[in-house]
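Student: Please find one structure pasted underneath; my questions will follow.
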Amino acid sequence: MRVLVIEDDKETAGYLQKSLKESGHWAEVTGDGETGLALAKEGGFDVLIVDRMLPELDGLTVVKRLRADGDATPVLFLSALGEVDDRVKGLRAGGDDYLTKPYAYTELLARVEALARRKAPEEQVTRYVVDDLVLDRLSHRVTRAGEPIVLQPREYRLLEYLMRHAGQVVTRTMLLENVWDYHFDPQTNVIDVHVSRLRGKIDKGFDKPLLHTVRGAGYMVRDGQG
Amino acid sequence: MTGRAERLAPALSTGAFRIAASAVAVFLLVAAVLAVLLIRDAGDAVSEDVMASIEAETQRIAQSYASGGRDGVRLAVEQYAASPGHGLYLLTTRDGGKLAGNLATRPQDLVAGKRGGVFSFKPQGSGDAAGAVRQGVALRVALGDDLVAYIGRDIETQRQRLGRMRLVLLVALAALVLAGLAGGYAVSRHVLRRVEEVNATARSIMGGDMSRRIVVTGGDDEIDRLALNLNRMLDRIEMLMQGLREVSDNIAHDLKTPLNRLRNRAEAALRDPAGEGACRDGLERTIEEADDLIKTFNALLLIARLEAGALEGTTEDVDVATIVGDVAELYQPVAEEAGLSFDVVMYGPVSADVNPHLISQAVANLIDNAIKYSSAARTGPGPGPGDGEGGPSETGGVRVEVERAGNGIVVTVADSGPGIAAEDRERALKRFVRLERSRSRPGTGLGLSLVAAVARLHGGSLRLEDNAPGLRVVFTLPGASPHAKTPRLQH
């Protein structure tokens, strides 16, 4: 995966470049909006990580111009501005996700990977299949090994999100934001309780667990050994 | 005397005095014009009346000459002269010999060429008024070749009345000017004194005494209203400043200590002789500590923003019951997992113009707290010794209610935890206050402060009550009046 990091803080940018490389990705780094926009326009990136406050050209403008050119490369905004309306502004400008500083690297990585995979329009996918677990988006039915599983509406959405990102780490914050649309810290690990209930419904009684906990990062639905 | 002059000068240079002075000037001008017209009109009226009757008598005398000749006219003049009134008559021969009438001599002042005019005379005979020169007006008429008649009126009384009228008007105008100027001066003195009070207060506030307020006299005049508004503004500024000070104080208290802990931990990990494993462990705990710090910092920042902020533009007309229901749904499994009962009671949809994100967060805080303290009470307060059997209620639980009450919406979250002592409740809701007991629990301990700030921002309130046992938090929001102005921060 090729990532372009537009971030004016050299240390942060360098840290991101190094960390992404360690995670098996290739990252290019630039410190100002003008250069960033030019590089992004050349294309070839799977994801752009854009800081909101940049010298020369701010992050919002960079993304707006890019979108005006018809470039749909996924964008993750990084910002110290974390209020809900700041987030809304970022998403309106054409950002696909928004991460507030300070953040954990695992959080950033999970989001970047989720964005990079997200190229096919989700609406066209009618069913998710992971091993013998099937989620049918048309009938809203879930089966494991052919046996129907009864889920509460929220559990269904939780599983749907996890299966959409099958094989990728999904953080607790990502779940809270995407499944519940909450952008605050719920203090207690409420997400863990919900995930463990879901796990009880889809994994209990089966030899092979599909919903895994990724230590220090989040969760992953995966067909394989955990 | 210089003191007096000094006091006088600023009063004279005030806007109020200038306005009063120009009002007096305009009024004076109008009054003067009026007076002049009045005097002229009065003078004219007298002269016209008099001249008309003189003309009439002149004609009659001329007729009596025409019909009765010299004797006839003499008789007529004598009759006129004898009748009471202000008439003045004199019949003379052309060379000046008096034939009849009540004037002693021919009116000397009459200009030779003119038919008549004003003249001075001394009244005849009567002793008391003798000597005083009076004024009259007369016409001269030649009768035949050898006679001249003067027919006139004594206008001394009118003249004097007119003079008195002029004097009265003049005095009145002068009094008007004086009263106007004095009034203007008094008003501006008064205004100046009040404004100077405001200035003095402003100076001492700028000098650092933020607690000073402008004196309100209770007269409910415009300066009082100005003072009230300025005082309200000062209250708000003081409140914001205090909030700012509290933020910095709290950053110092709540962030420095954990920062120091974090530093110590990192140092200890670095020095740890146990090798890489211990070092990793130390680093992981350092990161955890940093995450907690970030949470505290975010909470402090959010509270500060809520305290200083306004809601405008961030609200939506939403059903508060739905918001609360969604949050409750998020926490329900947590409560069940902790072995607590969890009841959610909604009394119908209750819509209001609120910021849904903030309400969600506030309710999440309340429910989170309720679950935390209820489960802590159920399992007994930690590993402390001497706290064996017979702890608090076995069937602890959390109850969430949403209902409409009057014009407002009331969200109640009740727990079965240890509650908050009555004397601490007030304090617990103050900005940024963390009760001691909350410091030992997980979380930032700023939850209630945050909820209180959200309530205040929405023009609502937060109340803590005894749930016997436990705490009942009553979160009140102003109800839905679809087109009502968004409430601002209230105190």
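Student: From the list A:Gly200, A:Gly218, which residue is more than 11 Å from chain B (Cβ to nearest Cβ) and not polar (S, T, N, Q)? First the steps, then the outcome.
Tutor: Working: A:Gly200 fails: more than 11 Å from chain B (Cβ to nearest Cβ).
Every option except A:Gly218 fails the conditions.
Student: So B:Val318 passes all but one of these: (1) in contact (Cβ under 8 Å) with a residue 12 or more places away in the chain; (2) within 11 Å of another protein chain (Cβ to nearest Cβ). Which condition number does it fail?
Tutor: Every condition holds for B:Val318 apart from (2).
Student: Residues that are more than 23 Å from A:Arg157 (Cβ to Cβ) and assigned by TED's automatic domain parsing to the domain that holds B:Ala414: which strands (runs of 3 or more DSSP E) entirely in the stretch B:255-369 hold 2 or more of them? Reasoning before the result, please.
Tutor: Details: elements: B:316-319, B:341-346, B:351-354.
So the answer is B:341-346, B:351-354.
Student: For the structure I just gave you, tell me whether A:Ala166 is more than 30 Å from B:Leu301 (Cβ to Cβ) and within 15 Å of the chain's Cα centre (by Cα).
Tutor: Details: more than 30 Å from B:Leu301 (Cβ to Cβ): yes; within 15 Å of the chain's Cα centre (by Cα): yes.
The answer is yes for A:Ala166.
Student: A follow-up question, please. In the stretch A:79-105, how many are buried (at least 17 other Cβ atoms within 10 Å of the Cβ), more than 14 Å from chain B (Cβ to nearest Cβ) and out of contact with any helix residue (DSSP H, G or I) (no Cβ under 8 Å at 6 or more places or on another chain)?
Tutor: 0
Student: Condition check: in contact (Cβ under 8 Å) with a residue 40 or more places away in the chain and either over 19 Å from the mean Cα position of the chain (by Cα) or more than 14 Å from chain B (Cβ to nearest Cβ) (or both). Does A:Leu210 satisfy that? First the steps, then the outcome.
Tutor: Details: in contact (Cβ under 8 Å) with a residue 40 or more places away in the chain: yes; either over 19 Å from the mean Cα position of the chain (by Cα) or more than 14 Å from chain B (Cβ to nearest Cβ) (or both): yes.
Answer is yes for this residue.
Student: Taking helices (runs of 4 or more DSSP H) that fall entirely within the stretch A:7-74, which contain at least 2 residues that are over 18 Å from A:Leu91 (Cβ atoms)? Reasoning before the result, please.
Tutor: Values: elements: A:10-22, A:33-42, A:59-68.
Where helices (runs of 4 or more DSSP H) fall fully within the stretch A:7-74 and carry at least 2 residues being over 18 Å from A:Leu91 (Cβ atoms), they are A:10-22, A:33-42.
Student: Now a separate question. Which residues, counting only those in the stretch B:343-374, are away from chain A (no Cβ under 12 Å) and of a type in the set (A, V, I, L, M, F, W, C)?
Tutor: B:Val344, B:Val345, B:Met346, B:Val350, B:Ala352, B:Val354
Student: Now a separate question. Go through the residues of the stretch A:212-219 one by one and say whether even a single one is crowded, with 18+ Cβ neighbours inside 10 Å and aliphatic (A, V, I, L, M).
Tutor: Checked against the condition, which is being crowded, with 18+ Cβ neighbours inside 10 Å and aliphatic (A, V, I, L, M), the stretch A:212-219 yields no hits at all.
Student: If you don't mind, another one. When you look at B:Asp291, is it touching a residue at least 12 places away in the same chain (Cβ under 8 Å), among the charged types (D, E, K, R), more than 30 Å from B:Ile237 (Cα to Cα) and within 11 Å of chain A (Cβ to nearest Cβ), yes or no? Walk me through how you get there before you give the answer.
Tutor: Values: touching a residue at least 12 places away in the same chain (Cβ under 8 Å): no; among the charged types (D, E, K, R): yes; more than 30 Å from B:Ile237 (Cα to Cα): yes; within 11 Å of chain A (Cβ to nearest Cβ): yes.
Against the criterion (touching a residue at least 12 places away in the same chain (Cβ under 8 Å), among the charged types (D, E, K, R), more than 30 Å from B:Ile237 (Cα to Cα) and within 11 Å of chain A (Cβ to nearest Cβ)), B:Asp291 does not qualify.
Student: Look at B:Val215 and say whether it is touching a residue at least 40 places away in the same chain (Cβ under 8 Å) and either touching a helix residue (DSSP H, G or I) at 6+ places or on another chain (Cβ under 7 Å) or not in a helix (DSSP H, G or I) (or both).
Tutor: Working: touching a residue at least 40 places away in the same chain (Cβ under 8 Å): no; either touching a helix residue (DSSP H, G or I) at 6+ places or on another chain (Cβ under 7 Å) or not in a helix (DSSP H, G or I) (or both): yes.
Spelling it out, it is not the case that B:Val215 is touching a residue at least 40 places away in the same chain (Cβ under 8 Å) and either touching a helix residue (DSSP H, G or I) at 6+ places or on another chain (Cβ under 7 Å) or not in a helix (DSSP H, G or I) (or both).
Student: Residue by residue through the stretch A:8-57, note down the ones that are at positive phi and in contact with a helix residue (DSSP H, G or I) (Cβ under 6 Å, 6 or more places away or on another chain). Even if it seems obvious, please write down each step before you answer.
Tutor: As a first pass, look at the stretch A:8-57 and keep what is at positive phi: A:24, A:43-44, A:56.
The answer is A:Glu56, and nothing else.
Student: Residues B:Gly87, B:Gly69: which one is within 21 Å of B:Ile155 (Cβ to Cβ), out of contact with any strand residue (DSSP E or B) (no Cβ under 6 Å at 6 or more places or on another chain) and either surrounded by 13 or more Cβ atoms within 10 Å (Cβ to Cβ) or of a type in the set (Ser, Thr, Tyr) (or both)? Full working, then the answer.
Tutor: Numbers: B:Gly69 fails: within 21 Å of B:Ile155 (Cβ to Cβ).
Of B:Gly87, B:Gly69, the one residue that is within 21 Å of B:Ile155 (Cβ to Cβ), out of contact with any strand residue (DSSP E or B) (no Cβ under 6 Å at 6 or more places or on another chain) and either surrounded by 13 or more Cβ atoms within 10 Å (Cβ to Cβ) or of a type in the set (Ser, Thr, Tyr) (or both) is B:Gly87.
Student: Answer with yes or no whether B:Leu91 is at pLDDT 85 or above and out of contact with any helix residue (DSSP H, G or I) (no Cβ under 7 Å at 6 or more places or on another chain). Lay out the reasoning, then the answer.
Tutor: On the way: at pLDDT 85 or above: yes; out of contact with any helix residue (DSSP H, G or I) (no Cβ under 7 Å at 6 or more places or on another chain): no.
No, not satisfied.
Student: Could you check the stretch B:71-108 and list, in sequence order, the residues that are outside any loop (DSSP other than H, G, I, E, B), within 11 Å of B:Leu143 (Cβ to Cβ) and in contact with an Asp or Glu (Cβ under 8 Å, 6 or more places away or on another chain)? Step through it out loud before you land on a result.
Tutor: Narrowing the stretch B:71-108 to residues outside any loop (DSSP other than H, G, I, E, B): B:71-82, B:87-93, B:98-101.
From the residues that got through so far, the ones that are within 11 Å of B:Leu143 (Cβ to Cβ) too are B:72-74, B:76-77, B:91-93, B:99.
Correct list: B:Thr93 only.
Student: Can you find, within the stretch A:67-78, the residue that is nearest to the other protein chains (Cβ to nearest Cβ) among those that are without any contact (Cβ under 8 Å) to a residue 60 or more places away in the chain and of a type in the set (A, V, I, L, M)?
Tutor: So the first thing to find is which residues in the stretch A:67-78 are without any contact (Cβ under 8 Å) to a residue 60 or more places away in the chain, and the list is A:67-77.
Retained after the next criterion (residues that are of a type in the set (A, V, I, L, M)): A:68, A:72, A:75-76.
Details: A:Ala68: 26, A:Ala72: 28, A:Val75: 23, A:Leu76: 19 Å.
Going through the qualifying residues, I end up with A:Leu76.
Student: In addition: Pairs under 6 Å by beta carbon, first residue in contact (Cβ under 8 Å) with a residue 40 or more places away in the chain in the stretch B:349-368, partner among the polar types (S, T, N, Q) and assigned to a loop (DSSP other than H, G, I, E, B), six or more apart or different chains?
Tutor: B:Asp353/B:Thr315; B:Val354/B:Thr315; B:Asn355/B:Thr314; B:Asn355/B:Thr315; B:Asp368/A:Gln187; B:Asp368/A:Thr188
Student: Moving to a separate point now. Hey, does the stretch A:164-178 have a residue that's in a helix (DSSP H, G or I), facing chain B (nearest Cβ under 9 Å), modelled with pLDDT under 95 and surrounded by 19 or more Cβ atoms within 10 Å (Cβ to Cβ)?
Tutor: Restricting attention to the stretch A:164-178, the residues satisfying the condition of being in a helix (DSSP H, G or I) are A:164, A:172-178.
Next, only the ones that are facing chain B (nearest Cβ under 9 Å) stay: A:176.
Subsequent filtering for residues that are modelled with pLDDT under 95 retains A:176.
After this cut, where a residue has to be surrounded by 19 or more Cβ atoms within 10 Å (Cβ to Cβ) as well, the list is A:176.
Yes, that holds for at least one residue.
Student: On the basis of being within 17 Å of the chain's Cα centre (by Cα) and assigned by TED's automatic domain parsing to the domain that holds A:Ile6, does A:Val50 make the cut? Show your work before the answer.
Tutor: Working: within 17 Å of the chain's Cα centre (by Cα): yes; assigned by TED's automatic domain parsing to the domain that holds A:Ile6: yes.
Against the criterion (within 17 Å of the chain's Cα centre (by Cα) and assigned by TED's automatic domain parsing to the domain that holds A:Ile6), A:Val50 qualifies.
Student: Of everything in the stretch B:175-218, what is of a type in the set (S, T, N, Q), modelled with pLDDT under 85 and exposed (fewer than 15 other Cβ atoms within 10 Å of the Cβ)? Give them in sequence order. Give the steps one after another, and end with the answer.
Tutor: Restricting attention to the stretch B:175-218, the residues satisfying the condition of being of a type in the set (S, T, N, Q) are B:188, B:199, B:201, B:204, B:211, B:217.
This time we only want the ones that are modelled with pLDDT under 85, so: B:188, B:211, B:217.
Across the stretch B:175-218, the qualifying residues are B:Ser211, B:Thr217.
Student: Shifting gears a bit: For the stretch B:109-133, enumerate the residues that are in a loop (DSSP other than H, G, I, E, B), modelled with pLDDT of 70 or more and more than 16 Å from B:Glu156 (Cβ to Cβ).
Tutor: Initially, the stretch B:109-133 is screened for residues in a loop (DSSP other than H, G, I, E, B), giving B:109-115, B:122-133.
From what's left, modelled with pLDDT of 70 or more: B:110, B:114-115, B:122-124, B:132-133.
Residues satisfying the conditions are B:Leu110, B:Lys114, B:Arg115.
Student: For the stretch B:237-247, enumerate the residues that are surrounded by 12 or more Cβ atoms within 10 Å (Cβ to Cβ) and without any contact (Cβ under 8 Å) to a residue 40 or more places away in the chain.
Tutor: Restricting attention to the stretch B:237-247, the residues satisfying the condition of being surrounded by 12 or more Cβ atoms within 10 Å (Cβ to Cβ) are B:237-240, B:242-244, B:246-247.
Listed by number, the residues that qualify are B:Ile237, B:Glu238, B:Gln242.
Student: Only residues in the stretch A:176-191 that are under 17 Å from A:Gly82 (Cβ atoms) count as the first member; pair them with residues that are assigned to a loop (DSSP other than H, G, I, E, B) and of a type in the set (Phe, Trp, Tyr), Cβ under 8 angstrom, at least 6 apart or cross-chain, and list the lot.
Tutor: A:Leu176/A:Tyr182
Student: Taking the stretch A:127-155 as the region of interest, how many residues are in a strand (DSSP E or B) and of a type in the set (Asp, Glu)? Before you say what the answer is, go through the steps one by one.
Tutor: Looking only at the stretch A:127-155, we keep the residues that are in a strand (DSSP E or B), and these are A:127-130, A:133-136, A:141-144, A:147-149.
Next, from what is left, pick out any that are of a type in the set (Asp, Glu): A:136, A:147.
Adding up the residues that qualify gives 2.
Student: Looking at A:Ala110, is it surrounded by fewer than 19 Cβ atoms within 10 Å (Cβ to Cβ) and small (Gly, Ala, Ser)? Don't jump to the end; show me each part of the working.
Tutor: Values: surrounded by fewer than 19 Cβ atoms within 10 Å (Cβ to Cβ): no; small (Gly, Ala, Ser): yes.
Criteria not met by A:Ala110.
The values are calculated or read from the model by the stated rules, or taken from the named source; none is laboratory data. Bear in mind the structure is a predicted one, so any value in this text is a computation, not a measurement. All Cβ positions, even for glycine, are placed from backbone atoms using ideal geometry, and neighbour counts span all protein chains on display.
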